[in-house]
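Structure record follows, encoded as structure tokens.
Taken together, the values in this text are just the output of simple stated rules run on the coordinates, not laboratory data. Model, not experiment: these values are computed from the prediction. We place every Cβ from the backbone using ideal geometry, glycine too, and count neighbours over all the protein chains shown.
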Amino acid sequence: MFPNNIGSHLSLDETAFSNGDLYTVLTNKKEKGKKGVIITMIKGTKVEAVIAILHKIPLKQRKKFKEVTLDMAGNIGLIVKKSFPNATLAVDRLHVQKTGPGCIAGN
């Protein structure tokens with residue numbers, strides 16, 4: 001955990017490495033790939049395990065987060081709701097663009 005990297009607008013996403021290991025990554029959106037972007041990288045995507053790590057951030061601080069961008073995976077949404085109670089959830093544009101054409105076509 002890199003507490004100095006925490007900002008008011010976060011992104012929570014899962015990623016897979018080339019060996020197939022899944023990780024959940026919390027980043028500071030303001031930094032956009034620069035130094036200081038990663039807040040924490042958690043092995044796995046299980047809701048309880050990820051929440052346990054994120055709850056190491058004091059509740060008082062977690063209540064201050066304004067927005068968390070996430071994909072449409074149900075587990076990520078649940079993690080955000082339980083960990084960042086006052087944050088607005090925003091679905092990642094990339095995931096909306098991937099899903100949108102199928103919705104319009106009726107698939």
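Tabulated data for the structure shown
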| quantity | calculated |
| --- | --- |
| Column: log10 I(q)/I(0), Debye, Cα scatterers of the chain, q = 0.10, 0.20 Å⁻¹ | -0.29, -1.05 |
| Ascending count of other beta-carbon atoms within 10 Å, so fewest first, for Met1, Met72 | Met72, Met1 |
| Flagged links, alpha-carbon separation over 25 Å, of Lys43/Lys81; Lys34/Lys81; Lys34/Lys60 | Lys34/Lys81; Lys34/Lys60 |
| For Asp92, distant residues with modelled amide H under 5 Å away | Leu70, Asp71 |
| Spin-label model distance (nm) - Glu48 vs Lys66, 7 Å beyond Cα toward Cβ | 3.6 nm |
| Estimated vicinal HN-Hα couplings, Hz - segment 67-76 in sequence order (Karplus 6.51, -1.76, 1.60; Gly, Pro = x) | 8, 10, 8, 8, 8, 9, 5, x, 5, 5 |
| Additional length obtainable on full extension of the chain from His9 to Leu89, 0.36 nm per residue less Cα span | 27.8 nm |
